[in-house]
Amino acid sequence: MRKYKAVKVLFFFFLLISVVFILLSSTVLVGGVMVKNELEEFKSRGVYIGTFDVNFLAYKRVEFYEVKKEYNYEFSTRRIYDTSSTSDVTQRFTDKFIGDIGDIYVASRDPLGTAYTAWASSKIMIGHCGIVYSNDGRYTYEVVGNQSKEDNVAKRYYNNWLSAPGPSITVLRTKQEIDADSIVEWCDNHTGKPYNYLFPVKAKNSYYCSDLVSRCIKESNNIEVSTRERLVSGGSMILNDNTYIIYHRENSETEGVDYKVYFLSED
């Protein structure tokens, strides 16, 4: 009798796990379609600029597309990329320090190194997130959970996002203008806070990467940047009505071209 009960409990356990897996997969698929549609809309507005060898990507061949502004919220005075060089077009369009204070970096990088998380991340950008910390784009503010205990804390980083090969990278901006000083102050006040490994649990004094970004902007500027309060992801920030895309990089399927880059025009 006890053996029968144990088998029954085990059966229902695996049934529950299967249901949860199916629900999560369905959510990823639906969310993935929505994220893809957002990215495709941005990319569809791109006008081909040229193909350049980008030195900070070990001279990878990159096709660049300039996306013309269409919506009122896109006409922001905040920096997107370096416009100091008017003579050298490659310097202007191959700037690796994209963004201004408060802009959001999201990547499709697999966060856990499993087949399932790699698949899910490629669909809904659950990889990694960071927020731009300086108005020249040279620094970001992030928290990671895959280094030493001392390093798995919220802190400032040199911005090497675009020089890292591999995943898709999207940079987002809030439609509302932000108080940049409040962003920096919030980051400074939370430096050293630990990584939160209990992702569904919203902790008071610990954060996972996308949670850190969304709460920074919410608590410093009262702007929601995620469609979800819990289990915040890059995808949920791409889909939020308060954000828009200013930059997107993806792997290219064109022979002889490594990446395709789409960026919002400064003009």
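So how much slack lies between E266 and V33, counting 0.36 nm per residue of separation and subtracting their Cα-Cα distance, in nm? Once the chain is fully extended between E266 and V33, it gains 81.0 nm. Using 0.36 nm per residue and subtracting the Cα-Cα separation, the extra length available between Q91 and T254 on full extension is 56.4 nm. Packing around the peptides 181-187, 57-63, taken as the average count of other Cβ atoms within 10 Å per residue, puts them in this order, highest first: 181-187, 57-63. Each label point was placed 7 Å from the Cα along the Cα-to-Cβ direction; for R156 and A203 their separation is 2.4 nm.
Backbone N atoms of region 244-267 closer than 19 Å to the 7 Å Cα→Cβ label point of E41 belong to residues 244-249, 262-265.
If you plug the beta carbon distance of E185 and K149 into 1/(1 + (r/R0)^6) with R0 = 25 Å, you get a FRET efficiency near 0.40. Per-residue 3J(HN,Hα) values for region 199-212, derived from phi via the Karplus relation 6.51 cos²θ - 1.76 cosθ + 1.60 with θ = phi - 60°, read 3, x, 8, 7, 8, 6, 10, 9, 9, 9, 4, 6, 5, 4 Hz in sequence order (x marks Gly and Pro).
The order of the peptides 255-266, 196-207, 234-245 by mean Cβ neighbours within 10 Å, most packed first, is 234-245, 255-266, 196-207. Between Y73 and I49, the contour length at 0.36 nm per residue exceeds the alpha carbon distance by 6.3 nm.
All of the numbers you see were taken from the coordinates with simple rules; none came from a lab. Given the structure is predicted, the values throughout are model-derived calculations rather than measurements. Don't worry about glycine lacking a Cβ; one is built from the backbone with ideal geometry, like all the others, and counts go over all protein chains shown.
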